[in-house]
Amino acid sequence: MQHEADAIQHSPAWIYQTTLVPAIFAKWASVVADAAGIKSGQHVLDVACGTGVLAGEALQRVGSLGSVTGLDLNPDMLAVASSLAADIHWQNGNSENLPFPDGVFDAVVSQFGLMFFGDKVKAISEILRTVKPDGKIAVAVHGLLNDIPVYRSLAQIFKTYIGENAAELMNEPFCLGDPDQLRDIFVDAGANNLNILKTTVLARFPDLDTLIDAELKGWMPIYNIMVSTSQDEQIREAAQEALHHFIDDNGAVVFEIPALIATNHQ
């Protein structure tokens, strides 16, 4: 058991949990849960749950009379999630082929996962299939990279010091920031009562090193992109120069993160 715990706390998924989640994703959990109207006694599914921050928010809202299931394709993410919340049913599975019957959940949510699905229309159709006839879905995706100067600068820095593959990986989370493109996916999937809201939260990393660690140690290793010590040093030096306008008097890196939240009443 101790060996498993040590392995979890040295995994990219754990670094993701300790860097990106408090700085960004925890701030969105209540926003997405509000959009889905999650309340006491409901049965909720979180698709592409990652380390479980949105599922945890949902559990607080449904209480003892409800239930929450978190599904993700990445077993390392689920290992971290299950180590943090034992009262949630964690399940390994594919978002494009959800292993649940039709119409069993009061709410189905997904926070910043749709961008990475191979067949996005199929994934949304599966979400629509598993929600109850009177249920609600809420799916959040990041805004456009051009609207987030911090990550736009990092993408260029990674391209310079790591290569084109790293820059492309930085672009991927922001590939659905166009509302019309997102709407087309939902309409093609069968959504007929769709609303898309653009909103923003304030990301806050405690320092620049944490922001860089989130990418180089928590995000890119998931996709088998590793950097050398010299690359790491060059990236941090370049980031210090490029991002100094976003560093406050306490050394924290603070910037706005826009997102689109698509909701649909069945």
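The values are calculated or read from the model by the stated rules, or taken from the named source; none is laboratory data. All values derive from a computational prediction rather than experimental measurement. When we count neighbours, we look across all protein chains shown, and the Cβ atoms used for this are built from the backbone with ideal geometry, even at glycine. These area figures cover heavy atoms from the full protein model, side chains too; ligands, DNA and RNA do not enter into them. Shrake-Rupley method; radii C 1.70, N 1.55, O 1.52, S 1.80 Å.
Tally up the residues in region 221-247 that are among the small types (Gly, Ala, Ser) and surrounded by 12 or more Cβ atoms within 10 Å (Cβ to Cβ), please.
Looking only at that region, the number is 3.
Entry remark, region 78-118: residues being of a type outside the set (Gly, Ala, Ser), open to solvent by 60 Å² or more (accessible area, probe 1.4 Å) and closer than 24 Å to residue 13 by Cβ number 8 in total.
The set of residues from region 153-191 being small (Gly, Ala, Ser) and part of a helix (DSSP H, G or I) comprises 153, 155, 166, 167, 189.
Step by step: first the residues of region 156-180, then only those that are small (Gly, Ala, Ser) and crowded, with 18+ Cβ neighbours inside 10 Å, then the one that is nearest to residue 224 (Cα to Cα). Which residue is that? Give the steps one after another, and end with the answer.
The initial filter retains those residues of region 156-180 that are small (Gly, Ala, Ser), namely 163, 166-167, 177.
Those left that are additionally crowded, with 18+ Cβ neighbours inside 10 Å: 166, 177.
Numbers: 166: 10, 177: 25 Å.
Restricting to residues being small (Gly, Ala, Ser) and crowded, with 18+ Cβ neighbours inside 10 Å, the top hit is 166.
Inspect region 227-249 for any residue being of a type outside the set (Lys, Arg), assigned to a loop (DSSP other than H, G, I, E, B) and farther than 21 Å from residue 163 by Cβ and give the result as yes or no. There is at least one residue in region 227-249 that is of a type outside the set (Lys, Arg), assigned to a loop (DSSP other than H, G, I, E, B) and farther than 21 Å from residue 163 by Cβ. Counting only residues that are out of contact with any strand residue (DSSP E or B) (no Cβ under 9 Å at 6 or more places or on another chain) and charged (D, E, K, R), which one in region 181-212 is surrounded by the most Cβ atoms within 10 Å (Cβ to Cβ)? If we take residues in region 181-212 being out of contact with any strand residue (DSSP E or B) (no Cβ under 9 Å at 6 or more places or on another chain) and charged (D, E, K, R), then 209 is surrounded by the most Cβ atoms within 10 Å (Cβ to Cβ).
In region 214-238, which residue that is of a type in the set (D, E, K, R) and free of Cβ contacts under 8 Å to residues at least 12 places away in the same chain is nearest to residue 74 (Cα to Cα)? Let's see the steps before the verdict.
Residues of region 214-238 of a type in the set (D, E, K, R): 215, 217, 232-233, 236-237.
Subset that is free of Cβ contacts under 8 Å to residues at least 12 places away in the same chain: 233, 237.
Working: 233: 29, 237: 32 Å.
Filtering first and then ranking leaves 233.
Within region 131-152, being surrounded by 21 or more Cβ atoms within 10 Å (Cβ to Cβ) and in a strand (DSSP E or B) holds for 131, 135, 136, 137, 138, 139, 140, 141, 142. The residue pairs whose first member lies in region 121-139 and is within 13 Å of residue 186 (Cβ to Cβ), whose second member is in a helix (DSSP H, G or I) and β-branched (Val, Ile, Thr), and whose beta carbons are closer than 8 Å, counting only pairs six or more residues apart or on different chains, are 121/185; 124/185; 137/127; 138/32; 139/124; 139/127.
Of all residues being β-branched (Val, Ile, Thr) and open to solvent by 10 Å² or more (accessible area, probe 1.4 Å) in region 52-75, which is nearest to residue 124 (Cα to Cα)? Just the residue, please. Don't jump to the end; show me each part of the working.
Going residue by residue through region 52-75, those that are β-branched (Val, Ile, Thr) are 53, 62, 68-69.
Restricting the remaining residues to those that are open to solvent by 10 Å² or more (accessible area, probe 1.4 Å) gives 53, 69.
Working: 53: 21, 69: 17 Å.
Residue satisfying both the conditions and the ranking: 69.
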